[in-house]
Structures are given as structure tokens and as C-alpha cells.
Amino acid sequence: MTTEYKPGDLVEIVRHGNITLYRMRQGDVYYLREYPIKELEALPATHLNTFQNIEGKIGLIVYVIHNRLMQPTGYRVLIEGHEMFCKSRVGNKYFKLRGNQYDEGGRFSKV
């Protein structure tokens, strides 16, 4: 079952089998990639600035990209102050809905 996320939804990054999401840095740009957990843990310490495991982190869906049939094809997600692109298939595997914009627990009040 696929979930269609909307801007303002809070999602938690979870593990899918023995594969997880990590954040890869190239210059000032961050990318989300899938990676086997055992290989991620075996990376040398010099790669820790480039590869960061984001399992268990909370992200905010900032923007949803749709195709002409209004099906989601990608998401812009804000995780720890960095906005990254994620395909909708990857999001459906690794995102777990934690709160949405219509839920009292999902947003802070302005008061």
C-alpha cells in the first residue's frame, strides 16, 4: 500500500529489511541514497563526513512533485536543516507518517 504524503507531513525514516537511507554530501548539496546497513557500518572513518545514516530521523515534507495524472513522483524533504529530493518509491519504502498538517500533534500552534 502506498501513502501519498502532503506538504507539512512529518515522516520518520525507517529501515526496510537490511537496507537503510543515508545522506550523501557532495559539496554543498545533499542526496538521499539507499545502502545496505552492513556496508554502511564498514565504511572508514574518513567517509563519515560524506555518508551519514539518517535512520530514525524526522523529516518534513516541503514539496510534492506530481506527474500529469497528479500522481506523486518525488518529494522535497527537510531533514536536520537540509532539503533533499527523494523519489516517491523510495519515500514509500522508508517513510513512516508521524504527523500531518491537520493533526494537532503534527504542528505547533501559533499561540
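Derivation of every value follows stated rules applied to the coordinates shown; laboratory data play no part. This is a predicted model, so every value here is computed, not measured. Glycine also receives a Cβ, built like all others from the backbone with ideal geometry; neighbour counts cover every protein chain displayed.
Summary of values
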read-out	value
Under 26 Å from the Cα of K38 - lysines, other chains or at least 8 residues apart	K57, K87, K93, K96
Percentage relative contact order, the stretch 10-101, counting C-alpha pairs under 8 Å, at least six apart	35
Fewest-first sequence of I37, I54, I13 by Cβ atoms within 10 Å of each Cβ	I37, I54, I13
Additional length obtainable on full extension of the chain from E4 to L69, 0.36 nm per residue less Cα span	22.0 nm
Selection from P72, L10, I61, by position along the positive dipole direction of the stretch 10-101 (Cβ)	P72
